[in-house]
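A.B. asks: One structure coming up, written as structure tokens, with questions to follow.
The values are calculated or read from the model by the stated rules, or taken from the named source; none is laboratory data. From a predicted model like this one, the values you see are computed outputs, not experimental measurements. Cβ coordinates were reconstructed from backbone atoms using ideal geometry, including for glycine residues, and neighbour counts include every protein chain displayed.
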Amino acid sequence: MVDVQHRFYGESKPFGNDSYKSAQTLGYLTSTQALADFAVLIRSLKHNLSAEDAPVVVFGGSYGGMLASWFRLKYPHVAIGALASSAPILQFDYITPWSSFYDAVSQDYKSESLNCFSVLKATWDVLDERGANDKGLLELSKLFKACKTVKYAYSIRNWLWTAFTYTAMVDYPTPANFLENLPAYPVKEMCKIIDGYPTNTDILEKAFAAASLYYNYTGNLTCNPIEDEDDPHGLGGWQWQACTEMIMPMTVSNESMFPPSSFSYHDRSEECLESWGVRPRPHWVTTEYGGYKIDKVLKRFGSNIIFSNGMRDPWSRGGVLKNISSSIIALVTEKGAHHLDFRSATKGDPDWVIEQRRQEVEIMQGWIDQYHQDMAEIYY
């Protein structure tokens, strides 16, 4: 098993500390070049290990899942198959409804408690009203236990938004620390917190208590760095990619628990030009990798890909949720979250997760067996 770092992430900085300095250096941060890196590395490893005929299966979750599926399609001579978990390869152009992601987040909370959903939906207007002046911001800073006085209400909005969105993504059935330390089924736990308050309790107090489950479940924080500009999850590279090739249009509908919002390719282009000095290639991903009518295309062209998704994960709405052929399989779990199948097995794993992993192993074993059978026919 080989765990490969993507160029520009982790310690793989091709220009050292200057890697993020300008568009001239960041221009080498693209998915196509990353896939080429993987192809070169795999061929080199097989040569150095005297394992030229060994079959290779690629794995990836989230963006990595997108890369895994695309790698299988672009380098079928290098990898015999791919397991793509929570891979939103259809979250581009006009393939998937633009409101689907936040509609899914909202549905996660609504399915737990209508009161919980209603409180969170009301949070944003109350926040904007209370944070309209310096006095209000000072009061909000105290309520949200900010490490320093918050200058703008939208900072608190972003802090809350992140907590509720990421918690929906990682609504795992067992305790986990993928993004933050969280209990099992954290969406349910957040709603329990909100529902536990008397009806007339301040809405923002309820929202803060729920968000604290995400940020401070362990109780180690004494204050919240709400305006901290650090990058704790290492997403700096993704911000560049999201402004160049990974343009995923997202809107918020009136039915969502978040404030309604729209999306404009023109506005995104202006934002990216201001932030990075570049304009996006908004339709490049579907040009390079496809996506439209994927069932018709891959039915005749592709093979040996597992697309796994959990419907509690809002990214699942941009994934492949139905079998395309006998060898391009969609494994979908109703209660699964973001690439849950890739997490280490625990004693508390529910039966449906265990069964999903068993199916994945069985399918991949079939690919490997078929590969060895084909190789035997070549030699004999």
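A.B. asks: Being modelled with pLDDT of 95 or more and assigned by TED's automatic domain parsing to the domain that holds Ile328 is true for just one of Ser50, Ser69. Which residue is that?
C.D. replies: One residue alone meets the criteria, Ser69.
A.B. asks: Does any residue of the range 326-348 turn out to be in contact with a Leu (Cβ under 7 Å, 6 or more places away or on another chain), touching a residue at least 40 places away in the same chain (Cβ under 8 Å), surrounded by 19 or more Cβ atoms within 10 Å (Cβ to Cβ) and more than 26 Å from Pro55 (Cβ to Cβ)?
C.D. replies: Within the range 326-348, not a single residue is in contact with a Leu (Cβ under 7 Å, 6 or more places away or on another chain), touching a residue at least 40 places away in the same chain (Cβ under 8 Å), surrounded by 19 or more Cβ atoms within 10 Å (Cβ to Cβ) and more than 26 Å from Pro55 (Cβ to Cβ).
A.B. asks: With respect to Ala23, determine if the residue is within 25 Å of the chain's Cα centre (by Cα), small (Gly, Ala, Ser) and either closer than 29 Å to Ile294 by Cα or crowded, with 20+ Cβ neighbours inside 10 Å (or both).
C.D. replies: Considered against the rule, which asks whether it is within 25 Å of the chain's Cα centre (by Cα), small (Gly, Ala, Ser) and either closer than 29 Å to Ile294 by Cα or crowded, with 20+ Cβ neighbours inside 10 Å (or both), Ala23 comes out as no.
A.B. asks: Scanning the range 108-161 for residues that are more than 19 Å from Glu255 (Cα to Cα), within 28 Å of the chain's Cα centre (by Cα) and of a type in the set (S, T, N, Q), which turns out surrounded by the most Cβ atoms within 10 Å (Cβ to Cβ)?
C.D. replies: Out of the qualifying residues, it is Ser155.
A.B. asks: Restricting to the range 349-364, count the residues that are touching a residue at least 24 places away in the same chain (Cβ under 8 Å), closer than 22 Å to Asp313 by Cα and not acidic (Asp, Glu).
C.D. replies: The number of residues fulfilling the criteria is 4.
A.B. asks: Could you give every pair whose Cβ atoms fall below 6 Å, whose first residue belongs to the range 365-380 and is within 19 Å of Gly81 (Cα to Cα), and whose second residue is surrounded by 11 or more Cβ atoms within 10 Å (Cβ to Cβ) and at pLDDT 95 or above, counting only separations of at least 6 or pairs across chains?
C.D. replies: Filtered contacts from the range 365-380: Trp367/Ile80; Trp367/Gly81; Trp367/Asn304; Ile368/Pro55; Tyr371/Pro55; Tyr371/Ile80.
A.B. asks: Turning to a different aspect of this structure: Of all residues in the range 28-85, how many are part of a helix (DSSP H, G or I) and under 19 Å from Trp284 (Cα atoms)?
C.D. replies: Residues that pass the stated criteria total 18.
A.B. asks: Before we move on, is Lys293 under 21 Å from the mean Cα position of the chain (by Cα) and either within 23 Å of Leu67 (Cα to Cα) or modelled with pLDDT of 95 or more (or both)?
C.D. replies: Taking the combined requirement at face value, the residue does not satisfy it.
A.B. asks: Follow-up question, since we're still on this one. Can you tell me how many residues in the range 303-324 are under 16 Å from Gln359 (Cα atoms) and in a loop (DSSP other than H, G, I, E, B)?
C.D. replies: Adding up the residues that qualify gives 4.
Table: residues versus (1) buried (at least 17 other Cβ atoms within 10 Å of the Cβ); (2) out of contact with any Ser or Thr (no Cβ under 8 Å at 6 or more places or on another chain).
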site: Gly10; (1), (2): no, yes
site: Gly27; (1), (2): no, yes
site: Gln33; (1), (2): no, yes
site: Phe38; (1), (2): yes, yes
site: Leu45; (1), (2): no, yes
site: Val57; (1), (2): yes, yes
site: Ser62; (1), (2): yes, no
site: Ala79; (1), (2): yes, yes
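A.B. asks: Which residue out of Phe263, Phe258 is assigned to a loop (DSSP other than H, G, I, E, B), modelled with pLDDT of 95 or more and surrounded by fewer than 16 Cβ atoms within 10 Å (Cβ to Cβ)?
C.D. replies: Every option except Phe263 fails the conditions.
A.B. asks: For the range 331-358, what are the residues that are part of a loop (DSSP other than H, G, I, E, B) and over 17 Å from the mean Cα position of the chain (by Cα)?
C.D. replies: Glu334, Ser344, Ala345, Thr346, Lys347, Gly348, Asp349, Pro350
A.B. asks: For the range 28-58, name all the residues that are under 18 Å from Gln241 (Cβ atoms), free of Cβ contacts under 8 Å to residues at least 24 places away in the same chain and small (Gly, Ala, Ser).
C.D. replies: Ala36
A.B. asks: Which pairs do you get when a residue that is within 19 Å of Asn115 (Cα to Cα) and touching a residue at least 60 places away in the same chain (Cβ under 8 Å), found in the range 202-218, comes within reach of a residue that is outside any helix (DSSP H, G or I) and of a type outside the set (Val, Ile, Thr), reach meaning Cβ atoms under 7 angstrom, with the pair 6+ apart or on two chains?
C.D. replies: Lys206/Tyr197; Phe208/Phe144
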